[in-house]
Each structure stands twice: as structure tokens, then as C-alpha cells.
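The values are calculated or read from the model by the stated rules, or taken from the named source; none is laboratory data. Quantities reported herein were computed from a predicted structural model and do not represent experimental measurements. Reconstructed Cβ throughout: ideal geometry from the backbone, glycine too, with neighbour counts over all protein chains shown.
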Amino acid sequence: MPMILDFSEQKFNVKFRLKTLPFIVIGLMLAVSCSITRNVPEGRYLLNKSTIELDSKGLNSGELETYLKQHPNKEILGFRFHLRIFNIASPYKFNRMNRWLKTIGEEPVLIDTNLISEGTRNVLLYLQSKGYYNAKVTDSISYYDRKSDVFYKVSPNVPYRIRNISYSVEDTIIQRLVKEDSVNCLISRRQLFDRDILQEERNRLEAYLRNNGYYNFNKDFVTFTADTSVGNNKVDVLLMIRNPLRMNEEGKRVPSTFLRYKVKRVFVYPNYDPMTFISKRQESLLDTVLIDGVQFVFPADPGIKLGVIYNANLIRPGILYSNDVLQRSQNNLNLLKLYKYVNISFTENKEKPEPKKFELFQNEESSSDSLLYGYLDCHIQLSQHTLQ
């Protein structure tokens, strides 16, 4: 039996391409010939060019451009294809072709002097945040043929650099920890006085102390003061960590101390269902298995060997609270791919804080030190996948 080949679909596609090709060619010709200011309203100007003139080799003009509020229409190999495609579209027609042209195209960017000024301020603020406090940024605009060119002149001048860094930490135990970890400090002498780096150091200290038992510590306790009076574009930086405040019986805020937290109890719910754990009274009726101090609580067969969960979880009774250990435990439990949700939370245990076994000499201790251990209970809720 002879084989029959159907070329009708191929013929249709070829015919379609042949029919549409002239329109595409004509469209491209129109796009090239069409004036880029065709849709610029009377009295307005197209933002044709935006140029940054930078008097420094240590900075990148491309990085500064991200802080400008207005940019010209995008180009492809120096050709404003999208703007020209938009200009082909008729403002009075709403057919499919017109909508397509407007979707592919790009409206003309009309210069806005307020946005230009805002961009100039943004560049100046950015330079100052990087230590260039004597920087100058100006803009000028050239108008012609319903177009405009913007020129930004950036003179960073000599930046401020860090001469010295010192510490003022009220809690001597935290002071010792910070000193021991100073090798990892992000701030160093002769470095640019960069506020972003100061912020990164605040974040780093928060993470470091939270990994060393300070459950309630956050970066808001870390502040900096800068002394620029030393001259020669130098600055002395003082890093301060103040103790927290608490409300006394009279409702006044008074100085307090940090608690360093240990994990008291660990509860794991390998078959967690919020409807099952409505109250502590009901929870007490559930099965409980103890493995090296970790309590597994479940209403039925957990469906997995408890030892697998125990090994994946790194949180143990008696260890100092550590956010890093929490994250690693969460990742390990997720890698088991047995649970839809893995939720690890901590609650403060109401037991009276325990005095530390002092690691400092008695004459080094003060009333402002974190000399007490607080306690946390850890709850690990593991919700299994719903069977289909």
C-alpha cells in the first residue's frame, strides 16, 4: 500500500510565513523611519541621554547609575527598537495588531526634573554612606529638538577612613566573647568609613551572640559613634553594646542584664496534628518516649524510627541556645523528606534563673553582667504529608 504524506499543515505554515513576512519587513522599515519623538507631547522632552562624569578611579559609574530615578528608553545595539515599535502604534486604534505593538513597545521616557534632582540626591547620599562625606554631585540638562540630555558631574573627593576602633560593652561576659571573636570583625583600620559595613557588623554580632546563648539579643543593642574631629579625613569608631532596660514596679524603665539561655527540655511531636494537641491536659494522655533526655510525644505510630529523628535533630537538653543549631536541625529534618512542615519553636521556661558557674575572677564581675542562666523549652512539630 503506497504511503500518503500530508503536507497541508507544512504548506499552511509556509504560506502564513510568506504572507506575514512582508508586514514584518514593512514594520521594521517603519520603525527605523519613524521619529523617536513622535509621541512626545508638546512642551515635553524625551530623555535621550543620561551621562555620569566621574572624577575618580575608585568608583564605578555603572554602580552609581542604579541610584538615578530616570533612565532613557532601552537600546539594542544602539537602536531604540522598543520605543520605535511603540511609535508605530496608533493611539486611536484598538485592534489586535495595535495592542501587540504597544505590548512589545516601550513608551517614551519624558524628562522629569523632580526625578532628576531626586536621583542626584540619591547618588550623593550613597557616596556619603560609603565614606565620601565631602562629595559633590550636580546635574545639568540640555534641551533640543524635543529631546533632552542629562549630565551628572560626580566629584567624590577624599573619603574618610577609619583610624581606630574601640569597644564599650557594659556586660563583661559579652565583652569577653566579642573580644575573643574580634578576628572576625568586619571593621578594620584604614578601611573606608562605610556605613553598610557597620550595619553588616551589627548583623554579625547579633548572629554570633545568639549562637552563644543570648536568645533575646538583637542588633538594636549594638550602636556606633564616630569621631571625625581627629582631622585628615580620619575617623575613630566606638562600638557600643548597652544592656537592656526593663520596667520596674513603678512603670519606669531601669537598666537590666542579659540572660544567657540553656535548653531545658526538648519535645518532639513526630506525628503533629494541631487538632490533637488542643490542651496540655490532652497532651498528657499521649504516648511519650524518652531518648537521652529528648521527649517524643505522639498519639499513634509515628511511622518512622525515633532514632532517625533524634539523630537529625541537634538540639539537646543542657546546651546553650544557638540559632545556628536550630537552623541546621531544621535543615536536617527537612532533608528526611518525610514531613510537610517542620516547625521548631522555643518558649521561656518559668523556672527561676540559675547563677552561672563563674568563668571570670570574682573581682571582674559586676551587677551589669549576664551572670544568670535562663531556660528554654524546645518544641519540634513534624507534620506528615497527607496521604492521597
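Among the residues making up the range 137-152, those that are within 15 Å of Leu68 (Cα to Cα) and either without any contact (Cβ under 8 Å) to a residue 24 or more places away in the chain or surrounded by 15 or more Cβ atoms within 10 Å (Cβ to Cβ) (or both) are Val137, Thr138, Asp139, Ser140, Asp149, Val150, Tyr152.
Touching a strand residue (DSSP E or B) at 6+ places or on another chain (Cβ under 8 Å) and surrounded by fewer than 17 Cβ atoms within 10 Å (Cβ to Cβ), is that true of Ser168? Considered against the rule, which asks whether it is touching a strand residue (DSSP E or B) at 6+ places or on another chain (Cβ under 8 Å) and surrounded by fewer than 17 Cβ atoms within 10 Å (Cβ to Cβ), Ser168 comes out as yes. Meeting the requirement of 3 or more residues that are modelled with pLDDT under 95 and in contact with a helix residue (DSSP H, G or I) (Cβ under 7 Å, 6 or more places away or on another chain), the helices (runs of 4 or more DSSP H) wholly within the range 43-139 are 81-88, 96-104. Could you grab the pairs with beta carbons closer than 8 Å, sequence gap of 6+ or different chains, first residue in the range 207-223 and of a type in the set (Gly, Ala, Ser), second one in a helix (DSSP H, G or I)? Partner pairs satisfying both residue conditions: Ala207/Asn323; Ala207/Asp324.
If only residues of the range 170-211 that are among the β-branched types (Val, Ile, Thr) and in a helix (DSSP H, G or I) are counted, the one that is nearest to the chain's Cα centre (by Cα) is Ile197. Run Glu201 past the list (1) exposed (fewer than 15 other Cβ atoms within 10 Å of the Cβ); (2) under 30 Å from Phe346 (Cα atoms) and report the number of the one that doesn't hold. Failed condition: (1). The residues of the range 127-136 that are among the aromatic types (Phe, Trp, Tyr) and surrounded by fewer than 18 Cβ atoms within 10 Å (Cβ to Cβ) amount to a single one, Tyr133.
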